[in-house]
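First comes the structure, then the notes that go with it.
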């Protein structure tokens, strides 16, 4: 059965749309399982909690204030796929200092927060 496949995502942080380039990613977070190995092989697994992560790049245009974006902490980030899925990542923080690239004109971004919830 053929159908629509994810081709675009809209990223919003506290109601502010981030004009992201193609290639934005969402890691939903939650439980990660790690193998426990013994001298005789795999004994099982252990679980650990991981944060959600929304990352991508956006074009740096006049009027964009990078320090203002860097100050986004404890915000709600939405990841809306053009296939209809909508994920909410509460209590998210801008993670890395903004970095400009004069070759591509892009700025990478990453938010991490609570486990993503599908709306």
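Just so it is clear, none of the values below were taken in a lab; they were calculated from the coordinates. Here the structure is a predicted model, which means the values were calculated and not measured. Cβ sites come from the backbone with ideal geometry, for glycine too, and all protein chains shown count toward neighbours.
In table form, for the structure just shown:
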quantity: Estimated 222 nm signal from helices in the chain, with DSSP H stretches of n ≥ 4 weighted -39500 (n - 2.57), rounded to 500; calculated: -1000 deg cm²/dmol
quantity: Extended-chain gain in nm, criterion 0.36 nm per residue less alpha-carbon gap, residue 117 and residue 83; calculated: 10.6 nm
quantity: GNM top mover of 34, 21, 106 - the chain, alpha-carbon springs below 10 Å; calculated: 34
quantity: Among 85, 49, 103, residue whose mean-square fluctuation peaks in a GNM of the chain (springs only between Cα atoms under 10 Å); calculated: 103
quantity: Fluctuation leader among 24, 81, 90 - the chain, Gaussian network, Cα springs under 10 angstrom; calculated: 81
quantity: For segment 70-109: rounded, prolate or oblate by the Cα gyration tensor [a/c cutoff 1.5]; calculated: oblate
quantity: Residues residue 36 and residue 16, FRET efficiency given R0 of 30 Å [Cβ-Cβ distance, rounded to 0.05]; calculated: 0.10
quantity: Mean projected area in nm² (Cα convex hull; one quarter of hull surface) for the chain; calculated: 11.0
quantity: Contact order relative to length of segment 9-118, as percent, for alpha carbon pairs under 8 angstrom and 6 or more apart; calculated: 29
